[in-house]
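The values are calculated or read from the model by the stated rules, or taken from the named source; none is laboratory data. This structure is a prediction, so every number in the text was calculated from the model and none was measured. So basically every Cβ, Gly included, is an ideal-geometry build from the backbone, and we count neighbours across all protein chains shown. Calculation scope for accessible area: heavy atoms of the full protein, side chains included, ligands and nucleic acids excluded. Shrake-Rupley method; radii C 1.70, N 1.55, O 1.52, S 1.80 Å.
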Amino acid sequence: MDTATSPATARVLAVRPVGTTAVLAELSGLHDVLALQALLLEHPLPGQVDVLAAAQTVMVKADSPAAARRMAALLPEMDLTVTAHADGKLVVIEAVYDGEDLAEVGRLTGLGPDGVVAAHTGQVWTVAFGGFAPGFGYMVGENQSLEVPRRSSPRTAVPAGSVALAGNYSAVYPRKSPGGWQLIGRTTARMWDLSREQPALAAPGDRVQFKAVRELVEVSGGAAEPAPSAPPVHSGLRILAPGLQSLVQDLGRPGHAGLGVSTAGALDRSSVRRANRLVGNQPSAAVVESVAGGLRVQAVGDQVLAVTGAPSALTVVAPSDPEDVAGESDGDRPRQVREVPMATPFALLDGETLAIGPPDRGFRTYLAMRGGVEADAVLGSRSTDTMSGIGPEPLAAGQLLGTGAATSSNVVGNPELQPEYPDAGVTVLDIVPGPRDDWFDAAALESLCSQDWAVTPRSNRVGMRLAGEPLRRSRDGELPSEGTMAGALQIPPDGQPVLFLADHPITGGYPVIGVVVDQQLDRAAQVPIGGSIRFRWAPGHAPASHDTPNEVSN
C-alpha cells in the first residue's frame with residue numbers, strides 16, 4: 001500500500017499485547033508510525049501513559065490492564081491522517097573509524113573497511129525516532145548498503161560515543177551502556193546534554209552527516225560558570241557506608257519515552273509506597289534503595305525513618321557521648337545498641353547510626369526518611385537511572401542527604417505486615433506471551449516454562465540475565481527495533497533470556513517472548529543473585545500452541 005497516495009486508508013494493521021498494561025500497534029511503515037504517534041500525542045486514548053514510536057510499530061502504555069484492553073479495541077479503528085514532516089536541522093558529527101567490528105562489517109557487506117567508511121560518510125542520515133537511551137537516535141540512511149545484523153550476544157558495556165550499525169540503522173551511543181550493535185567508529189560529540197534547551201544533539205526529524213577524521217578534539221564550550229554551591233545540610237542522613245550499591249529512587253519519570261528516557265524508579269514499588277506511608281510521606285517521595293545490606297547511615301538532627309523490602313537486621317547504635325558525632329566509640333564506655341523492626345517507623349536521634357544487615361530473603365531494601373530525600377528533580381523525578389545516567393549519582397561514604405518536604409500527614413503510620421520475599425530457591429512468575437512469541441516454536445515455548453532459570457551475577461537494574469537451556473528461534477532474520485517495557489523477556493540469539501527491569505532500554509531489536517505481569521514486577525526485583533526463576537503462563541494467557549497454561553508448583 002502506498003501510504004503517500006492513499007492516506008485515508010492508512011490504518012493499524014494489528015495490535016499485540018505487551019504484558020497486561022501495554023499494547024503494540026503494527027503499521028505498514030515509518031510514515032504511518034509517525035502519523036499514529038502524532039495522533040496519539042494530540043488526542044490521547046483513555047488511560048494512555050506513554051507513546052513510543054519505532055521502525056514499524058507504536059507501543060502505547062496504559063495506566064491499567066482494563067485501559068490496555070480498551071486500547072487494543074480502539075487502535076485498529078483509528079484513521080491515520082498523513083501530514084508532511086519538515087526536514088530538521090543538519091548535524092555534522094566527526095568520527096574516527098576504528099571500531100572493533102569495522103572489519104566484520106566490511107566482510108558482511110562485501111565493502112571492506114574502507115568501503116564501509118566511504119558508505120557511512122557518503123550519505124545523509126535522518127533520525128527516524130529515539131530510543132534505547134536518551135540521545136540514542138535511530139538514523140535511516142539513503143540506501144541499504146550498510147545493512148548488517150546485530151551481534152549474536154550483546155556486549156555488557158559499549159563505550160560512550162561509539163558509532164554503530166544494526167539492521168538498516170546507524171546510531172551513536174550517548175553513554176557507556178550494554179548493546180548489541182556493530183561498532184565501526186567513535187566520536188566525542190555529546191549526543192545528550194541536559195544543560196541544552198534541546199538535550200538531544202540529533203532529535204527525530206534531524207539530518208546527520210558523518211565526517212571521517214584522523215583524531216578527535218574535545219570541543220569546550222568555553223569557561224563555564226561555576227555551579228551554584230549546594231546549601232548546607234542541617235538535617236538529614238550522613239552516609240557512613242553505602243554498601244554494594246545505594247541509590248536515590250522514587251516512583252520514576254513516566255511519559256518521556258519519546259526522548260529515549262525510561263520510567264526508571266524503584267524496582268520494588270510497593271516497598272517504596274509502604275516505607276513512605278510509614279513515615280507520613282507522599283507516595284512518590286524519594287527514598288534510598290540498597291542491595292544485599294551493608295548500608296550504614298548517621299542522623300544529622302533527629303530523624304524519623306522506616307525500612308521496608310528484603311527482611312534485614314536493623315541495628316541502631318547511639319554515640320558514647322554527645323560529642324561523638326562521628327559514630328566512633330571512645331573505647332571506654334560501651335555504646336547503647338538496639339534493634340528496630342522492619343516496616344515500622346522509628347526515631348534515629350542526632351548522632352545515632354543505623355546499619356542494615358544482609359537480608360534473610362529478598363535482595364533490595366528501602367530506607368525512607370520523613371520529608372523524603374532532598375535531591376534535584378530531572379524530568380519530574382529524583383530517581384537514579386543507571387542506564388541513562390539521569391538523576392543523582394550513587395551514594396558515597398561521607399555524603400550528606402538532606403530532608404525534603406514531601407510529607408502528606410502530620411503523623412506516622414502504624415507498623416505494617418510485609419509480603420513473603422523470594423529466597424535462593426525457585427521463584428514463580430506469571431507471564432503473558434508475546435508480543436513476539438511467534439518467533440519461537442512450541443518446543444521453545446514449552447522449554448521457557450519447564451525449566452528453572454538461574455539469576456546470574458551479570459544482572460543489574462537494567463535487566464536480570466538468566467542462564468538455562470537456550471531457547472532457539474523458529475525464524476531467521478532481524479526484528480526491527482520496537483518499544484519494550486519492564487518485565488519483558490528479551491531473547492538474544494544466544495538463547496539466554498534477559499528480564500528487563502526499571503532501567504531497561506526503551507527499545508530493543510531482539511524478540512520478546514513474554515512479559516511478566518505488572519503486579520509481579522516487585523517480586524521479580526527481589527529475587528537474589530544465585531536464585532532461580534520459573535515462568536508460567538498467566539491464567540487465560542497461554543500461547544496459541546498451548547491448550548492450557550503450564551502448571552508449576554513452588
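For segment 13-28, take each phi angle, set θ = phi - 60°, evaluate the Karplus expression 6.51 cos²θ - 1.76 cosθ + 1.60, and give the result in whole Hz per residue in order, putting x for glycine and proline.
Ordered by residue, 3J(HN,Hα) equals 7, 7, 10, 10, x, 10, x, 9, 10, 7, 9, 10, 8, 9, 10, 7 Hz.
Nearest-5 percent of antiparallel DSSP beta bridges in the chain? Kindly include the intermediate steps, with their values, before the conclusion.
Numbers: 92 of 104 bridges.
Roughly 90 percent of the DSSP beta bridges within the chain come out antiparallel.
Between Ser459, Ala10, Ala53, whose Cα lies farthest towards the positive end of the dipole of the chain when Lys and Arg beta carbons carry +1 and Asp and Glu beta carbons carry -1, centred on the Cα centre?
Of the listed residues, the answer is Ala10.
Given 10 °C and 1.306 mPa s, how large is the Stokes-Einstein diffusion coefficient of the chain in µm²/s, with Rh as the Kirkwood radius over Cα pairs? Present the calculation step by step, with values, prior to reporting the outcome.
On the way: Rh = 25.1 Å.
Reported coefficient: 63 µm²/s.
Can you list the residues, at least 5 places off or on another chain, whose amide H is less than 5 Å from the amide H of Gln496, using H built in the peptide plane?
Correct list: Leu471.
Tally Lys and Arg at +1 and Asp and Glu at -1 over the other residues with C-beta under 15 Å from the C-beta of Thr315: what net charge comes out? Before the final figure, lay out the partial values.
Values: positive: Arg296, Arg335, Arg338; negative: Glu339, Glu352, Asp360.
Counting the neighbours of Thr315, the net charge comes to 0.
Could I get the Rg over Rh figure for segment 431-554? Both from C-alpha atoms, Rh via Kirkwood, rounded to two places. Let's see the in-between values first.
Working: Rg = 13.3 Å, Rh = 14.4 Å.
Expressed as Rg/Rh, it is 0.92.
Quote to one decimal, in nm, the extra length available between Ser153 and Gln198 on full extension: 0.36 nm per residue of separation minus the C-alpha distance between them. Walk me through the intermediate numbers first.
Numbers: separation 45, 0.36 × 45 = 16.20 nm, distance 3.34 nm.
Going from the current span to full extension adds 12.9 nm.
Please state the charge dipole magnitude for segment 1-155, taken about the Cα centre, from unit charges on C-beta atoms (+1 on K and R, -1 on D and E), reported in debye and rounded to the nearest 20.
Details: 10 positive and 17 negative charges, 115 e Å.
Value, rounded to 20: 560 debye.
Determine, from the Cβ-Cβ distance of Ala14 and Asp302 and an R0 of 45 Å, the FRET efficiency 1/(1 + (r/R0)^6), rounded to the nearest 0.05.
On the way: r = 59 Å, r/R0 = 1.31.
Given R0 = 45 Å and the Cβ-Cβ separation, E is 0.15.
For segment 105-253, give the magnitude of the charge dipole about the Cα centre (Cβ charges: +1 Lys/Arg, -1 Asp/Glu; no others), in debye to the nearest 20.
Dipole magnitude for segment 105-253 comes out near 420 debye.
Rounded to whole Å and ordered largest first, report the semi-axes of the equivalent ellipsoid of segment 115-191 derived from its Cα gyration tensor (root of 5λ). Present the calculation step by step, with values, prior to reporting the outcome.
Working: eigenvalues 67, 39, 28 Å².
Equivalent-ellipsoid dimensions as semi-axes: 18, 14, 12 Å.
What relative contact order, as a whole-number percentage, does the chain give when Cα pairs under 8 Å and 6 or more residues apart are counted? Write down the numbers at each step before the final one.
Numbers: 1476 pairs, mean separation 78.4, N = 554.
That works out to 14 percent.
In µm²/s, what is D for segment 381-457 at 25 °C and 0.890 mPa s, where D = kT/(6 pi eta Rh) by Stokes-Einstein and Rh is the Kirkwood radius from Cα pairs? If you can, show how the numbers build up before the last one.
Details: Rh = 18.7 Å.
Result for D is 131 µm²/s.
Please list 3J(HN,Hα) in residue order for segment 399-411, calculated via the Karplus relation 6.51 cos²θ - 1.76 cosθ + 1.60 where θ = phi - 60°; whole Hz, with x for glycine and proline.
5, 10, 9, x, 8, x, 10, 8, 8, 10, 8, 7, 10
Apply the Karplus parameterisation 6.51 cos²θ - 1.76 cosθ + 1.60, with θ equal to phi minus 60°, to every residue of segment 466-480 and state each ³J(HN,Hα) to the nearest whole Hz, in sequence, with x for glycine and proline.
Result, rounded to whole Hz: 10, 10, x, 5, x, 9, 9, 6, 9, 9, 9, x, 10, 8, x.
At a probe radius of 1.4 Å, what is the per-residue accessible area of Val96, in Å² to the nearest 10?
Looks like 10 Å² after rounding.
If you roll a 1.4 angstrom probe over the protein chains with everything in place, what fraction of the accessible area of the chain belongs to carbon and sulfur, to the nearest %?
Carbon and sulfur together cover 52 percent of it.
Have a look at Leu521, Ala343, Val116 and report the one farthest towards the positive end of the charge dipole of the chain, computed about the Cα centre with Cβ charges (Lys/Arg +1, Asp/Glu -1).
It is Leu521, whose Cα lies furthest towards the positive end.
With r as the distance between the Cβ atoms of Ala396 and Ser474 and R0 = 35 Å, compute the FRET efficiency 1/(1 + (r/R0)^6) and round to 0.05.
Details: r = 48 Å, r/R0 = 1.38.
E between Ser474 and Ala396, to the nearest 0.05, is 0.15.
What's the local net charge at Gln519, with K and R +1, D and E -1, over the other residues with C-beta under 13 Å away?
Working: positive: Arg269, Arg523; negative: Asp268, Asp430, Asp518, Asp522.
Here the charged neighbours net out to -2.
State in Å² the accessible area per residue of segment 364-455; use a 1.4 Å probe, count heavy atoms of protein chains only, and round to the nearest integer.
Values: 3710 Å² over 92 residues.
Accessible area per residue, segment 364-455: 40 Å².
When the helices in the chain are scored as -39500 (n - 2.57) per DSSP H run of 4 or longer and the sum is shared across all residues, what 222 nm value do you end up with, to the nearest 500 deg cm²/dmol? Don't skip to the answer; put the middle values down first.
Values: 7 runs with 64 residues, N = 554.
Theoretical 222 nm ellipticity from helices: -3500 deg cm²/dmol.
Helix 30-42 versus the longest principal axis of the chain: what is the Cα-based angle in degrees, 0 to 90, to the nearest 10?
40 degrees
Under the 0.36 nm per residue contour assumption, what length would be gained going from the current alpha-carbon distance of Thr456 and Val337 to full extension? Walk me through the intermediate numbers first.
Numbers: separation 119, 0.36 × 119 = 42.84 nm, distance 3.65 nm.
This chain segment gains 39.2 nm when fully extended.
Cα to Cα, under 23 Å, and not fewer than 8 places away if on the same chain: which lysines meet these conditions relative to Lys89?
Lys211
Among Val297, Leu247, Ala355, which residue has its Cα positioned farthest towards the positive end of the charge dipole of segment 239-379, with +1 placed on the Cβ of Lys and Arg, -1 on the Cβ of Asp and Glu, and the dipole taken about the Cα centre?
Checked the options; the winner is Leu247.
Would you kindly state how much longer the chain becomes between Glu416 and Glu77 on full extension, computed as 0.36 nm times their sequence separation minus their alpha carbon distance, in nm to one decimal? Before the final figure, lay out the partial values.
Numbers: separation 339, 0.36 × 339 = 122.04 nm, distance 4.65 nm.
Stretched fully, the Glu416-Glu77 segment lengthens by 117.4 nm.
If I fit a long axis through the Cα atoms of helix 112-121 and take the longest principal axis of the Cα atoms of the chain, what angle between them do I get, 0 to 90°, rounded to 10?
Around 80 degrees separate the two axes.
I'd like the orientation of helix 65-74 relative to the chain: the angle between its Cα long axis and the longest Cα principal axis, in ° from 0 to 90, rounded to 10.
Roughly 20 degrees, rounded to the nearest 10.
In whole Å, what is the distance between the alpha-carbon centres of segment 8-81 and segment 485-499?
Taking the Cα centre of segment 485-499 as reference, the centre of segment 8-81 is 23 Å away.
Assuming a ≥ b ≥ c are the square roots of the Cα gyration tensor eigenvalues, decide whether segment 459-531 counts as rounded (a/c under 1.5), prolate (otherwise, with a/b larger than b/c) or oblate. Please report the intermediate quantities before stating the final value.
On the way: a/c = 2.07, a/b = 1.39, b/c = 1.50.
In terms of gyration-tensor shape, oblate.
What is the magnitude of the charge dipole of the chain about its Cα centre, with +1 placed on the Cβ of each Lys and Arg, -1 on the Cβ of each Asp and Glu, and no other charges, expressed in debye to the nearest 20? Intermediate values should be presented prior to the final figure.
Details: 42 positive and 60 negative charges, 46 e Å.
Value, rounded to 20: 220 debye.
How many angstrom lie between the C-alpha centres of segment 439-479 and segment 134-189?
Each part reduced to its Cα centre gives a spacing of 24 Å.
Work out the P(r) tail for segment 29-85: percent of alpha carbon pairs separated by more than 18 Å, whole number. Working shown, then result.
Values: 437 of 1596 pairs.
Cα-Cα pairs of segment 29-85 separated by over 18 Å account for 27 percent.
Show the residues, 5+ positions off or on another chain, whose built amide H is closer than 5 Å to the amide H of Glu94.
Counting only residues 5 or more places away or on other chains, the set is Lys211.
Can you sort Arg16, Arg150, Arg253 by solvent-accessible area, 1.4 Å probe, largest first?
Numbers: Arg16 55, Arg150 25, Arg253 5 Å².
Result of the area sort, largest leading: Arg16, Arg150, Arg253.
List the lysines whose Cα sits under 29 Å from the Cα of Lys61, skipping any in the same chain fewer than 8 residues away.
By straight Cα distance, Lys61 reaches Lys176.
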